[in-house]
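Working notes for the structure below.
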Amino acid sequence: MTQFDIEYDVVVIGSGGSGKSAAYTVASESNLSVAIFEKLPEFGGTSKFAEGQGAAESIEQKERKVPFDLTGEGLPEGAHFPTREEMIQAYLDTSHYRASSEVVNAFVDNSGETIEILRNLGVEYEYVSCYAVGQENELYCFHQPKGGGDAVQAVLQKACEKADVDMFASTPAKELIVEDGKIVGVKVNDADGNELMVGAKAVILATGGFAQSPEKLNKYTNMPWIGDTFQPPIPGLQCTGDGLDLALSVGADVSSTVPLQSGASTPGKMFGAGTTNAGLQPALWVNSKGKRYVNEEVALALMNMGTVYCQLRDGISWTVFDEDYLVFLETEGSALAMGEFLQVNKPIRNARPEIEENFAQGDPTVAKADTIAELAAQMGVNADALQKTVDEYNAAADSGVDPRFHKPAKYIHAIRKAPFYALKMCPVVVCTCGGINVNRDMQVVGYDEEPVCTGNLFAVGNDASGLYGDAYTIDVPGSTNGFAHTSGRIAARKAIEIIKG
Amino acid sequence: MTSIAIFKWAMNPHDERVGSDGQIKWLAERPEVGDDDYAAVQVARDAAPDDELVGLTMASGDTAFAAARGAERTVALQGVDILAQPTEVASALANAVKAMGDVSLVSIGDSAWSPMVPSLLAAQLGWPCILAVDAVRPEGDTLVVTRRFGAGTQDVAVTGPVVLAVAARREEGAKPGMRQVLQARKRPVDTVTASIGDVPTLEAAGLREPTAQASKLFDGADPAAAAAQLVSALQSEGVL
Ligand SMILES: Cc1cc2nc3c(=O)[nH]c(=O)nc-3n(C[C@H](O)[C@H](O)[C@H](O)COP(=O)(O)OP(=O)(O)OC[C@H]3O[C@@H](n4cnc5c(N)ncnc54)[C@H](O)[C@@H]3O)c2cc1C
């Protein structure tokens with residue numbers, strides 16, 4: 001029998017939205033004891049940076065009746081808040097039925113309650129709409145909280161403190177303790193490096209996936225190069241797949257391919273930077289060979305755009321345009337919307353100053369030249385190939401027909417007026433979406449689809465598989481964040497039920 | 001002799017939410033650890049390394065904060081309304097200090113959350129109070145207190161019991177690890193009912209909306225001039 005330093009009924013590993021939601025549920029809906037262990041010195045995980053939650057038939061949607069018009073130009077015909085059935089179908093259709101119907105239904109059916117709980121705790125919602133205006137089939141299920149993810153996590157943190165959840169920062173979980181085939185606790189290391197044995201009747205893995213582990217990105221996604229080409233959206237995150245390792249150590253089944261929530265930015269810069277804002281536009285995109293490789297209109301469908309960038313084996317793409325197009329961005333504005341970072345048809349004012357400044361500093365991610373040949377030299381791509389690509393592109397601009405990729409004429413701007421610009425772009429892995437297979441109660445299952453360890457091990461949030469197929473190309477904005485909070489609560493309720501018998 | 005470090009005694013105003021409908025909602029329902037609390041414990045320990053160190057709090061829940069930082073025991077005061085007036089909070093704390101007997105020093109965060117309490121506490125005890133304390137060192141029977149003074153610091157020598165209102169300069173460096181916290185939870189905690197004397201209370205005579213800060217746009221046509229204007233504006237606001 002293991003000697004424990006302390007015992008809890010429920011132990012939650014990870015303090016993001018999913019972990020806090022789980023712990024808060026245990027503490028507020030039962031008299032069971034619960035603790036959260038967090039690896040970093042701060043609580044909140046990637047959830048602090050998320051923008052909003054996806055949900056169907058929420059109290060906010062019921063009260064508001066119609067979606068908020070993000071463009072100010074009127075909602076498209078038929079725009080409406082989705083029913084649960086519509087949201088469920090969106091997951092199943094876009095995943096080609098590779099999503100788990102159990103997990104999808106469990107999430108969607110409980111997603112509205114998440115909004116109500118967060119609202120009752122003090123979260124205020126600014127609007128409910130879609131996220132990326134240009135993504136045609138997107139559902140109007142994105143709930144934008146005032147203050148974003150940071151505010152939501154602050155509210156949940158308070159709620160956990162108020163409900164006496166024991167929370168330890170700088171205390172990573174290292175190992176599951178198993179006796180007679182049942183999880184009985186967790187080994188953790190405290191901030192001073194001491195190993196502590198923590199007893200638990202149920203353990204909830206909420207470690208946020210593995211977006212910061214290049215090895216796991218290569219191994220568990222269908223892009224075995226992405227671990228070498230991606231950049232993180234924010235420095236300092238530590239989602240390295242610890243939950244996945246812990247689950248694997250007790251025989252969990254792992255998804256064959258884990259999808260990525262991804263995007264693109266100029267290397268070393270964040271979403272919202274002027275160079276990123278301009279580089280994301282559907283101008284001419286060329287690969288490191290100087291060749292066009294996609295219909296750049298995909299920029300409007302953000303999640304697909306991330307997938308496109310992730311496919312580049314060397315992770316290099318350049319967005320090429322001329323002086324006229326830069327003026328167009330400054331006056332007519334962005335073709336795409338990206339939450340708080342970019343608004344459709346709103347002038348991009350930070351592009352030119354940042355391009356000029358970075359270029360003057362010799363930043364190799366920004367090229368500017370009076371000839372295409374010189375531009376190619378700065379980019380390190382073959383000059384003839386780039387010239388040929390630009391010539392073809394200009395012909396498409398003149399004829400209004402893009403025989404190569406069928407991009408609509410309104411997005412094809414000729415590249416003729418010097419100076420010419422090229423912005424280097426690279427894939428950004430925002431988070432991984434799953435890995436550990438679970439059932440509808442978020443219990444970790446084995447290959448036989450039965451819960452492992454007599455059912456007292458759970459995986460939630462980014463750790464849990466089930467919502468997606470092999471890509472996050474879905475039309476349900478706020479999916480991962482809505483799922484994080486909702487799956488945490490579902491797991492907690494099952495843990496309470498199991499412990500109380 | 002006993003030194004007392006007061007912690008978790010003020011409500012965090014950031015927990016006060018004013019909704020779009022004007023309704024006020026508190027996210028917390030008890031005082032929480034303030035930014036200065038760890039420094040208050042440190043100062044009490046440095047002032048009298050050989051004396052007994054007692055933590056005094058007005059919070060419920062986890063009361064091991066001072067114990068995890070060296071306090072031998074903790075006294076938890078119960079029964080003070082979370083929105084009690086500063087005079088009442090100071091009275092409750094002063095009476096708890098008096099009840100402990102032979103106390104040589106009380107240290108408390110120089111809290112921006114409830115700035116009147118440290119001085120009111122000293123007044124109720126009839127002791128001197130030093131505000132904006134950075135650090136202390138004992139020298140024989142005297143305590144040399146370093147406090148912020150203008151742009152620099154000043155050393156003040158005091159003898160006899162004193163209230164030190166401590167202002168932390170930075171976040172706590174190394175927080176106690178879990179093992180230390182678990183051990184601290186085993187130290188004694190006396191829960192006592194607060195006694196609030198007959199103290200004057202303040203009455204709000206009126207409310208004033210915060211004056212809206214007009215934002216100022218600098219014309220960026222000449223970046224150097226705009227930057228100079230910004231620097232000068234920040235200087236005149238006391239930011240730089
Ligand atoms: C910049 C950014 C923006 C995003 N925007 C959105 C958005 O708008 N909408 C959306 O749906 N999703 C968004 N996401 C995705 C986001 O990751 C999810 O929405 C969700 O918040 C994940 O919650 P989680 O609890 O699973 O993970 P996290 O919030 O990341 O929490 C996991 C925690 O576990 C900790 N941990 C890891 N290993 C251990 C260990 N061994 N022991 C203890 N603790 C450990 C981590 O340090 C972390 O704090 C965004 C992500 C990022 C990074």
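Figures for the structure shown
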item	result
Criterion violated by residue A:338 - all others in (1) of a type outside the set (Lys, Arg); (2) in contact with a helix residue (DSSP H, G or I) (Cβ under 8 Å, 6 or more places away or on another chain); (3) more than 21 Å from residue A:269 (Cα to Cα) satisfied	(3)
Residue list for the range B:52-85, restricted to those being in contact with a Pro (Cβ under 8 Å, 6 or more places away or on another chain) and modelled with pLDDT under 95	B:58, B:59, B:82
Residue B:214 vs. criteria open to solvent by 80 Å² or more (accessible area, probe 1.4 Å), modelled with pLDDT of 80 or more and among the aliphatic types (A, V, I, L, M)	no
Exclusive hit being on the phi > 0 side of the Ramachandran plot and either part of a helix (DSSP H, G or I) or in contact (Cβ under 8 Å) with a residue 40 or more places away in the chain (or both), set B:34, B:101	B:101
Positions within the range B:115-173 being assigned to a loop (DSSP other than H, G, I, E, B) and small (Gly, Ala, Ser), in sequence order	B:126, B:140, B:150, B:151, B:160, B:167, B:168, B:173
Any hit, the range A:58-68, residues being farther than 23 Å from residue A:123 by Cα, open to solvent by 70 Å² or more (accessible area, probe 1.4 Å) and in contact with a strand residue (DSSP E or B) (Cβ under 6 Å, 6 or more places away or on another chain)	no
Residue in the range A:250-265 that is in the same structural domain as residue A:453 (by TED's automatic domain parsing), within 23 Å of residue A:41 (Cβ to Cβ) and crowded, with 24+ Cβ neighbours inside 10 Å present	no
Test: residue in the range A:32-39 that is more than 26 Å from residue B:175 (Cβ to Cβ), assigned to a helix (DSSP H, G or I) and more than 15 Å from the ligand (Cβ to nearest atom)	no
Search result, residues across the range A:470-491 that are over 15 Å from the mean Cα position of the chain (by Cα) and more than 10 Å from the ligand (Cβ to nearest atom)	A:486, A:489, A:490, A:491
Residue ID - farthest from the other protein chains (Cβ to nearest Cβ), chosen from residues in the range A:406-439 that are within 28 Å of the chain's Cα centre (by Cα), open to solvent by less than 30 Å² (accessible area, probe 1.4 Å) and more than 16 Å from the ligand (Cβ to nearest atom)	A:407
Odd one out for residue B:157 among (1) over 21 Å from residue B:69 (Cα atoms); (2) open to solvent by less than 40 Å² (accessible area, probe 1.4 Å)	(2)
Single residue of the range B:181-206 satisfying the filter (within 14 Å of another protein chain (Cβ to nearest Cβ) and under 23 Å from the mean Cα position of the chain (by Cα)) that is farthest from residue B:73 (Cα to Cα)	B:181
Tally, over the range B:115-149, of residues that are among the hydroxyl-bearing types (Ser, Thr, Tyr) and surrounded by 20 or more Cβ atoms within 10 Å (Cβ to Cβ)	0
Unique match (being more than 14 Å from every other protein chain (Cβ to nearest Cβ) and surrounded by fewer than 21 Cβ atoms within 10 Å (Cβ to Cβ)) among B:23, B:42	B:42
Answer residue from the range B:45-63, given it is under 25 Å from residue A:165 (Cβ atoms) and open to solvent by 10 Å² or more (accessible area, probe 1.4 Å) and is farthest from the other protein chains (Cβ to nearest Cβ) among those	B:58
The range A:193-230, subset part of a loop (DSSP other than H, G, I, E, B) and within 14 Å of chain B (Cβ to nearest Cβ), residue surrounded by the most Cβ atoms within 10 Å (Cβ to Cβ)	A:194
Test for residue A:161: is it within 14 Å of another protein chain (Cβ to nearest Cβ) and among the acidic types (Asp, Glu)	yes
Wholly enclosed helices (runs of 4 or more DSSP H) of the range A:255-357 bearing at least 3 residues at pLDDT below 95	A:302-311
Residue that is open to solvent by 20 Å² or more (accessible area, probe 1.4 Å) and not in a helix (DSSP H, G or I), where the choices are A:123, A:133	A:133
Qualifying residues in the range A:3-24 (those that are farther than 14 Å from residue A:156 by Cα and within 14 Å of chain B (Cβ to nearest Cβ)) - the one farthest from the ligand (Cβ to nearest atom)	A:3
Single condition residue A:98 does not satisfy, out of (1) more than 14 Å from chain B (Cβ to nearest Cβ); (2) more than 19 Å from residue A:442 (Cα to Cα)	(2)
Filter pass, residue A:488 being open to solvent by less than 30 Å² (accessible area, probe 1.4 Å), over 28 Å from residue A:185 (Cα atoms) and in contact (Cβ under 8 Å) with a residue 12 or more places away in the chain	no
Filter result for residue A:91 (aromatic (Phe, Trp, Tyr), over 24 Å from residue A:246 (Cα atoms), within 16 Å of the ligand (Cβ to nearest atom) and not in a strand (DSSP E or B))	yes
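Residues checked against (1) hydrophobic (A, V, I, L, M, F, W, C); (2) within 16 Å of the ligand (Cβ to nearest atom):
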site: A:203; (1), (2): yes, yes
site: A:242; (1), (2): no, yes
site: A:249; (1), (2): no, yes
site: A:252; (1), (2): yes, yes
site: A:258; (1), (2): yes, yes
site: A:287; (1), (2): no, no
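The values are calculated or read from the model by the stated rules, or taken from the named source; none is laboratory data. Since the model is a prediction, treat every value here as computed from it, not as a measurement. So basically every Cβ, Gly included, is an ideal-geometry build from the backbone, and we count neighbours across all protein chains shown. Please note that ligands, DNA and RNA were not included when accessible areas were found on the heavy atoms of the full protein model with its side chains. Shrake-Rupley method; radii C 1.70, N 1.55, O 1.52, S 1.80 Å.
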